[in-house]
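Every number in this text was worked out from the coordinates using simple rules, so none of it is lab data. Treat the numbers as computed from the prediction; the structure is a model and nothing was measured. All Cβ positions, even for glycine, are placed from backbone atoms using ideal geometry, and neighbour counts span all protein chains on display.
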Amino acid sequence: MPYVIAGPCIDVMDKSCIEECPVDCIYEGDRKLYINPKECIDCGACEPVCPVEAISQDRRVAPEYQEFVEDNRRFFTDLLPGRAQPLGAPGGAHKTGAIGADTPLVAKL
Amino acid sequence: MTIVDTDLLIVGAGPVGLFGAYYAGVRGLRTAIVDSLPEVGGQVSAMYPEKQIFDIAGFPAVSGRDLVANLVEQAAPYRPAYLLGQEAQDLGRGPANLRVRTSTGTEIVCRAVVVTGGIGTFTPRRLPAGEDYLGRGLDYFVPSARPYEGKDVVVVGGGDSAVDWALMLHPVARTVTLVHRRRQFRAQHASLRHLEESPVSVIRDAQVTVTGGNGVLDHVEITVAGEDTPRRLDCQRLVAALGFTANLGPLRQWDLDLHDNRHLVVDSAMRTNVPGVFAAGDIVDYDGKVRLIAVGFGEVATAVNNAAVHIDPGAQLFPGHSTDNPAPEPRRTTCRT
């Protein structure tokens, strides 16, 4: 039921959404931000502040960005380059700091 | 130190906790309900008071504010003790009771706990430039307009709370200025229309960057995008309505089994792994959990009735029907200092 961040965020990373998120569930990759679906509470505070309209509910993602629903999840469940284990649900982006890596989908775009 | 002696402590005064207070009353339990926020309603009051909710059984549509008011009214005949503006921090477990200490030093002695903590403790997002004047001009909540009478007030924020408070204060304040970091406000359209028609002066694309005064706030400086020098405004009261952050907080130290680092694992009776501690609502997890208020209401009825049996093992689990009897005489929680 979470919100997801799609392609328009790549190489923009305005981060206004991070300031709005009440549960600190938006994590910083190398070129894009990612919402942790296990931690997002579906409140929608992030959506209106994104200057490039990259954020939407996973149930309402535009067809051309569908793959980002799964890709946001993969950022947390799959092993990212340079890490020993998947991120999982760390309980807040301030705890991890910037991750500095992206999913394969984002890295190749 | 205040000592509160009760049967059941409910942690979290959101919709699910409030409905739990009603059911605890039905069970004849003395009940106290603690919340870190200074008002009841939890996430609904803090984030969506004006939103219409369409999935409460029996209510085709109800605003968040009305739902919370109705829940308080429903529990009121049983006189639950509200302990607001304090966070439940430490859990102590004795042979015959549980003891919970709050952030203001209140000690609650009870026989069972139902945790309806949602997404955890809500904390107002801080205004870094103003922290020096917290309680001496800076506020994060506006429970009453009185302290603002005749003052120059600056409200910071772009959501419903910021706009509502600006509208609430301009009739009594000398001046009200609303400062928002962006161009667009996030508040309801109706409130924004009122704002346009009001004498509140609005500064967009701007931030309060300096606060000053000799011990007590008397001015602020506002940096506006595209302007070389900050604007200086007389200001004796500054209100920061920048939203909230939430965190499970001290509940992490209660030895409760957690799932995904933020949900309490419960069984079908809403028991956690700690005897006497039950949980319900958004904070719990089990296979198939759906995070809706509608579901939380059912869970908290289950939690409270099971807690009633935990407190009195001779009691029946089933509470009877609410149509059977009029409300019994409330048994009051006692507070002494």
Within chain B, the percent of DSSP beta bridges that are antiparallel, given to the nearest 5, stands at 50 percent
In this structure, among A:Lys38/A:Lys95; A:Lys32/B:Lys51; A:Lys38/B:Lys51, pairs with alpha-carbon gaps over 27 Å are A:Lys32/B:Lys51
Relative to chain B, whose Cα atoms define the longest principal axis, helix B:64-75 and its Cα axis are tilted in degrees, nearest 10, by 40 degrees
With label points set 7 Å from each Cα along the Cα-to-Cβ direction at B:Arg65 and B:Asn261, the distance between them in nm comes to 3.8 nm
Here the whole-number average of other chain Cβ atoms within 10 Å per Cβ of B:267-276 is 0
Most exposed to least, judged by fewest other Cβ atoms within 10 Å, B:Ser103, A:Ser16, A:Ser56, B:Ser268 sort to B:Ser268, A:Ser16, B:Ser103, A:Ser56
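At a Förster radius of 51 Å, what calculated FRET efficiency corresponds to the Cβ-Cβ distance of B:Asp312 and B:Thr229, to the nearest 0.05?
0.15
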Taking r as the C-beta separation of B:Lys289 and A:Tyr65 and R0 as 22 Å, the FRET efficiency to the nearest 0.05 is 0.20
Averaged over the residues of A:38-49, the number of partner chain Cβ atoms within 10 Å of each residue's own Cβ comes to 4
Fewest-first ordering of A:Ile10, B:Ile3 by Cβ atoms within 10 Å yields B:Ile3, A:Ile10
Ordering B:186-193, B:240-247 by per-residue average of other C-beta atoms within 10 angstrom, highest first, gives B:240-247, B:186-193
So the angle from the long Cα axis of helix B:293-311 to the longest Cα principal axis of chain B, reported in degrees to the nearest 10, equals 50 degrees
One finds the C-alpha centres of the stretch B:88-127 and the stretch A:1-36 to be spaced, in Å, by 33 Å
Nearest 10, in degrees from 0 to 90: the angle of helix B:160-169 to the longest Cα principal axis of chain B is 70 degrees
The alpha-carbon center of the stretch B:40-59 and that of the stretch B:141-176 are separated, in whole Å, by 23 Å
